[in-house]
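What follows is a short report on a single structure.
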Amino acid sequence: MKKICGVILFLLTFTQGIAFNIGIAPTSFEISLDKPETKEVTILNNTAEEMRVEVSPEKPENYNEEHYLGKWMRIYPKVVSVKPFGKQIVRFALRTPSDLPHGEYKSYLVFKEIPKKPVDEINKKENMKININMLTEIAISIYGEKGNQNIIAEVKKVNLKKDGNKIQLETEIVPKGNSSVKAFYEVKFYNVNGKLISNEEGIIGRTGRSKAEKFETLINLPQKKADRVNIKILDQKRKVILEKEMKIITE
């Protein structure tokens, strides 16, 4: 039992210090689809051994098939070898139909480290051998925009509750246009007498195109006691989607 506990403790300590074997730059793209585009991505090998990396598109869950950019993506090469502490360039091209409807499209571009050999695990009475291959898989977002973006959103749910020295903002946002919605918040805190104490603002998150998205956002409370808030939720063009006066709920 002591030996097993020691191995578990070692693994927990070991994994806390692990860095990704590969790095990717840049980590996202927003590309116009009004003309053919070819882009480059750099793969960095952060290890002392040569590695092979497979590159492929993947459909986001919150985008329907007709809005999936990956089916028009050409990647070359699809498998690359990267020298120790070296780098390699991968290119991808987008070739969309000329009659593609206006709107936003998306794909993930996934970089998956190919294992050198199978994981070997042997467990005997007094002899334990563990060979762990820690493989990295990284996905970056590729957004494509064709023509005009019609950003329309509905906030179906907004709640506030106190969480220590913060408040948790819970929202559910439904995209109703031909684009995702990048949602932001602006919050004004008031005391029981209605006097403004402080302001906070920040980002809530980004929806897809096909369904409602739920978000939970932590916001700092002011040092002085706040009783009520005025909250605005805005889109990426700073248009107000919702404005509401709310009381802070204490659990």
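Amide H of LYS176 versus every other amide H placed in the peptide plane: which residues, excluding those fewer than 5 positions away on the same chain, fall under 5 Å?
ILE152, ALA153, GLU154
Give the cross-link partners of LYS116 among the lysines, using a straight C-alpha distance below 28 Å as the criterion and excluding same-chain residues fewer than 8 apart.
Cross-link targets: LYS59, LYS78, LYS83, LYS87, LYS124, LYS129.
Residue by residue, what Karplus-based ³J(HN,Hα) values in Hz, rounded to whole numbers, does segment 239-247 have, using 6.51, -1.76 and 1.60 with θ = phi - 60° and x for Gly and Pro?
Each residue's phi maps through the Karplus curve to give 7, 6, 8, 8, 9, 8, 8, 9, 9 Hz.
Sort VAL53, VAL155 so that the residue with the fewest other Cβ atoms within 10 Å of its own Cβ comes first and the one with the most comes last. Could the numbers behind the result be given before it?
Values: VAL53 24, VAL155 18.
If I rank by nearby Cβ atoms, fewest first, I get VAL155, VAL53.
Could you go through segment 145-162 in sequence order and give the Karplus-derived ³J(HN,Hα) for each residue, using 6.51 cos²θ - 1.76 cosθ + 1.60 with θ = phi - 60°, rounded to whole Hz, and x for Gly and Pro?
Each residue of segment 145-162 in turn: 10, 10, x, 8, 9, 9, 8, 10, 9, 10, 9, 7, 8, 8, 10, 10, 8, 6 Hz.
Counting other C-beta atoms within 10 Å, which of ILE233, ILE151 has the fewest, and how do the rest follow? Walk me through the numbers on the way to the answer.
Details: ILE233 22, ILE151 18.
If I rank by nearby Cβ atoms, fewest first, I get ILE151, ILE233.
Need one number: the % of Cα-Cα pairs in segment 21-146 sitting beyond the 24 Å mark. Mind dumping the intermediate values first?
On the way: 3063 of 7875 pairs.
Beyond 24 Å sits 39 percent of the P(r) for segment 21-146.
I'd like the Karplus ³J(HN,Hα) series for segment 56-69: coefficients 6.51, -1.76, 1.60, θ = phi - 60°, whole numbers in Hz, and an x wherever there's a Gly or Pro.
Rounded to whole hertz, the list is 8, x, 8, 7, x, 5, 9, 10, 6, 4, 5, 10, 8, 6.
Scan segment 61-111 for GluC sites (Glu not before Pro) in coil per DSSP, keeping those whose Cβ has at most 10 other Cβ atoms within 10 Å, and list them by number.
Details: sites: GLU61, GLU65, GLU66, GLU104; in loops: GLU61.
Loop-located and lightly packed - GLU61.
Each reported figure results from applying straightforward, stated rules to the coordinates on display, with no laboratory input. Everything quoted here is computed from the prediction, not taken from an experiment. All Cβ positions, even for glycine, are placed from backbone atoms using ideal geometry, and neighbour counts span all protein chains on display.
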